[in-house]
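Asks: A single structure is presented below for examination.
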Amino acid sequence: MGAYEKFTKSITNFGRLTMVLGVIAVLLPPLTMTFVFGYNPGIAAIIAGAISQMSVSGAFYLSEPLTYFPIVGTSGLYLTMLSGNGVNMKIPAAAISSEASGYKQGTDEGALMGTIGLAVSIYVAVFFVIFSTILGQTVITTLPADLAKFFELIIPGIYGAIFGQFMVKSYKTGLFALFISTVMIYIVQFIPGNPSFVITLTSIFTTILFARKQLEKGLLK
């Protein structure tokens, strides 16, 4: 067993424990409110809320592990799922770290470099969360409305930067991803319930298949 395999095995054992503790930490407040203080919205409201949430984020249960794994590996997945903010902070940090190190994504070395970048981003996130909690709200409320509205562009800007970073490696794959996601946006409008998660699932998996065909033809490295 190589060094990376030993590292991954130890991380898996510890990661399972932290995930269980994370589940307990998430469930503890509502369970306390229900069984200690007697506040409960009722089973009907809980089921309705669960269905509503799953319809929005259920697709990410499949898509995020598959798309994150080549960048951060097993250890990075545990860190990302437990700390959150994957798409707008952790994965960009991991992708940039892997790219800057010179190791290819999908390799053991690339995954390890991505994990290191991701771990550093967690410390940075904790610092800025504390900072913004103390001072951020005061600063934001004093900003002019014309300036504050640009905060809405942060997430699209991050997504665009990551997309551009990978598109330069295969512009055909990037154009295909843009095409299929645009088509799906219009198709979903005609599906009852407007299930937006279908856009995510279809775009991700069809783009993966397209990229695989490019690899088989030797057009993508």
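The values are calculated or read from the model by the stated rules, or taken from the named source; none is laboratory data. Worth saying up front: this structure is predicted, and the values here are computed from it rather than measured. For neighbour counting, all protein chains shown are included, and Cβ atoms are generated from backbone atoms with ideal geometry for every residue, glycine included.
Asks: Please report, ordered by residue number, the helices (runs of 4 or more DSSP H) entirely within region 119-172 with at least 3 residues that are of a type in the set (Ser, Thr, Tyr).
Replies: 137-142
Residue-wise test of (1) within 30 Å of ALA161 (Cβ to Cβ); (2) in contact with a helix residue (DSSP H, G or I) (Cβ under 7 Å, 6 or more places away or on another chain); (3) small (Gly, Ala, Ser); (4) surrounded by 11 or more Cβ atoms within 10 Å (Cβ to Cβ).
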position: LYS9; (1), (2), (3), (4): no, no, no, yes
position: THR32; (1), (2), (3), (4): no, no, no, yes
position: VAL36; (1), (2), (3), (4): no, no, no, no
position: ILE43; (1), (2), (3), (4): no, no, no, no
position: ALA50; (1), (2), (3), (4): no, no, yes, no
position: THR67; (1), (2), (3), (4): yes, yes, no, yes
position: LYS90; (1), (2), (3), (4): yes, yes, no, yes
position: SER98; (1), (2), (3), (4): yes, yes, yes, yes
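Asks: Next question. For region 5-47, enumerate the residues that are of a type in the set (Gly, Ala, Ser), farther than 30 Å from PHE69 by Cα and within 29 Å of the chain's Cα centre (by Cα).
Replies: ALA45
Asks: Look at GLY136 and say whether it is of a type outside the set (S, T, N, Q), surrounded by fewer than 18 Cβ atoms within 10 Å (Cβ to Cβ), on the phi > 0 side of the Ramachandran plot and at pLDDT below 75.
Replies: No, not satisfied.
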